[in-house]
Amino acid sequence: MTTPFDSRLAAMHAGSILLHTPNGVLLVDRETRVRFVNPALRRMFRCGEGDILGRMAKEVVHCDCFERAIAVGGRLMVKETVADLDLSFRVGLFPLEGEDLYCGIFIDTTEEEKARRHLSDLRAQTLARAQEVISRQMQTAQEIARLLGESTAETKVLLVKLMSIFREEGER
């Protein structure tokens with residue numbers, strides 16, 4: 001048996017979800033003025049409790065992602081970094097059907113980006129260290145070859161002298 005859709009219950013749950021989701025949610029109008037902001041977005045962009053309704057979205061999220069979404073007239077996925085806030089995020093932007101509003105759902109990827117940069121740095125350091133080891137091994141091999149060459153040359157000179165002495169004694 002299916003339960004009939006209760007729009008009041010759905011609206012109540014939607015409101016609770018918006019308040020408690022770890023993802024930032026921002027609604028803007030066609031002029032990109034903020035019409036709704038949830039607590040997660042305030043934390044993410046360090047907005048505090050001040051009134052940001054009516055402000056331009058670009059001032060809040062430090063990028064023109066809503067302008068770009070509105071310009072293309074549809075959905076848009078954007079990946080951005082805000083250096084001043086030490087924040088990296090992905091945002092999915094889409095128009096709300098039947099409304100003159102755009103919604104952005106912001107996912108904080110700061111820790112992922114830090115881990116990716118750390119791994120990249122570690123790879124670069126490992127490659128540099130490997131190059132150092134290879135260079136030292138090549139220098140060591142060249143030094144061994146030089147010493148072996150010198151020793152072989154000295155041995156050859158000594159043996160040639162000995163052979164010469166034995167030949168001279170044999171001829172007498």
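With the structure loaded, tell me whether Leu147 is surrounded by 11 or more Cβ atoms within 10 Å (Cβ to Cβ) and either without any contact (Cβ under 8 Å) to a residue 12 or more places away in the chain or touching an Asp or Glu at 6+ places or on another chain (Cβ under 7 Å) (or both) or whether it fails that test.
Considered against the rule, which asks whether it is surrounded by 11 or more Cβ atoms within 10 Å (Cβ to Cβ) and either without any contact (Cβ under 8 Å) to a residue 12 or more places away in the chain or touching an Asp or Glu at 6+ places or on another chain (Cβ under 7 Å) (or both), Leu147 comes out as no.
When Val60 is evaluated against the numbered criteria (1) over 15 Å from Ile105 (Cα atoms); (2) surrounded by 12 or more Cβ atoms within 10 Å (Cβ to Cβ), which criterion, by number, is the only one it fails?
Here Val60 meets the rest and fails (1).
Give the number of residues within the range 150-172 that are surrounded by 10 or more Cβ atoms within 10 Å (Cβ to Cβ) and outside any helix (DSSP H, G or I).
The total comes to 0.
For the range 28-144, which fully contained strands (runs of 3 or more DSSP E) count at least 2 residues that are β-branched (Val, Ile, Thr) and free of Cβ contacts under 8 Å to residues at least 60 places away in the same chain?
Strands (runs of 3 or more DSSP E) meeting the threshold: 34-37, 76-82.
All of the numbers you see were taken from the coordinates with simple rules; none came from a lab. Everything numeric in this text was worked out from a predicted model, so none of it was measured. In this analysis, Cβ positions are derived from the backbone assuming ideal geometry, glycine residues included, and neighbour counts consider all displayed protein chains.
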